[in-house]
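Just below is one structure, and these are the notes that go with it.
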Amino acid sequence: MITNLLRGAAAFCLALTPLALPAPVAAAAVVPVPEVLPLEDAVGKLLVAEEDRTGYTRDSFRHWNTGLDAGDGCNTRNEVLLAEAVQEPAVAAGCKLTGGKWVSYYDNVEVVEAGKLDIDHMVPLAEAWDSGASTWTSARREAYANDQGAAASLVAVTARTNRSKADQDPATWMPPLPDAHCRYIGEWTATKLRWGLTVDQTEAEALKVYAEACETTIVHYNPAP
C-alpha cells in the first residue's frame, strides 16, 4: 500500500524517485478438494437419471493419446501398463514393452505379456455417454478416455474379463472374483462422481445393494478438472 510506504522521513526521498509498484499477485489456482466417503454415502450422492445412447460412437472418445508425458514416446495405454506393473517391463524404442508382470484384480490372474492385457475404462465409454458425456466437448471426452488423474479410471486387466464386461454396469456385470466386488463398486462410484456422471434406476439399486454388503469400503475421488 502507498500509505504504508510513505512514512516518516522516507516520504521526501520517495517523492523524488518513481515508485516501483509490486506486480499484481496471480490468483491462486482453485484445487479441487478430495472427497473421502463411506461407500453408502458416496452412492447416495449419485444423481439418478434415464440413460440415452443416441448418437454414440466409440470414436467420440479419442484414445489413446500421448498420455501424461508427451515426450516419453508412450501413449496412455502403455503409461498405464508401466504404472500398474508389479514387475517393471523393459522399455525399448517406440515404447515397446517386454517382460514385466501384472495382476488383473478382476480375476486375480498374473500376466507376463503386456499384449494379453486390456486397459479397461472403469466406467465404459458407452456408459459414460449414456450418463452425461454426450453433452461434453470432444476435448473433455478425450480427457475422460485418457484419464490418469485417478488410479481408478483406467485399469489393466485380462482381455477376457474386459471383453466380458463390455459396456455393462454393475447391475448386469461384476468381476468374476468375488473378493474384488467391493473394490470394484467403490471405484465405479468414484469414477462416476469424479466426472459428474449419472446412474439409471436399475444401476442405482444394484449399487445400494453392494454398498450395504461393503460397509467398510471407503470411496476416494477428486472432481475432474
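Computed quantities for the displayed model
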{"read-out": "Exposed GluC sites (Glu not before Pro) absent: longest stretch of the chain, with sites in DSSP loops and at most 10 other Cβ within 10 Å deemed exposed", "value": "51-214"}
{"read-out": "Debye log10 I(q)/I(0) at q = 0.12, 0.15, 0.18 Å⁻¹ for the stretch 29-83, Cα point scatterers", "value": "-0.64, -0.91, -0.99"}
{"read-out": "Spin-label proximity, residue 107 to the stretch 175-198 - amide N less than 14 Å from point 7 Å beyond Cα toward beta carbon", "value": "175-178"}
{"read-out": "The stretch 48-147, relative contact order in percent, only Cα pairs under 8 angstrom and at least six apart counted", "value": "32"}
{"read-out": "DSSP loop trypsin sites (Lys or Arg not before Pro) with at most 15 other Cβ within 10 Å: longest gap in the chain", "value": "63-225"}
{"read-out": "Correct choice for volume of the Cα convex hull per residue in Å³ that was computed from the model, options (1) 212; (2) 143; (3) 122", "value": "(1)"}
{"read-out": "Relative counts (whole %) of C-alpha pair distances in the stretch 95-225, using bins that are 5 Å wide", "value": "2, 10, 20, 23, 21, 14, 8, 3, 1"}
{"read-out": "Computed over the stretch 76-155, Cα set: Rg, Dmax in Å", "value": "14.3, 41"}
{"read-out": "Segment residue 50-residue 69, extension gain: residue separation times 0.36 nm, minus the distance between their alpha carbons", "value": "3.1 nm"}
{"read-out": "Largest-first principal axis extents of the Cα set of the stretch 148-225 (Å)", "value": "32, 28, 24"}
{"read-out": "Modelled FRET efficiency - R0 25 Å, residue 139 with residue 209, Cβ distances, 0.05 increments", "value": "0.10"}
{"read-out": "Extension gain, residue 36 back to residue 58 (0.36 nm per residue minus Cα-Cα distance, nm)", "value": "4.8 nm"}
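Each reported figure results from applying straightforward, stated rules to the coordinates on display, with no laboratory input. These figures come from a predicted structure and were not determined experimentally. Here the Cβ is made from the backbone with ideal geometry for all residues, glycine too, and neighbour counts use every protein chain on show.
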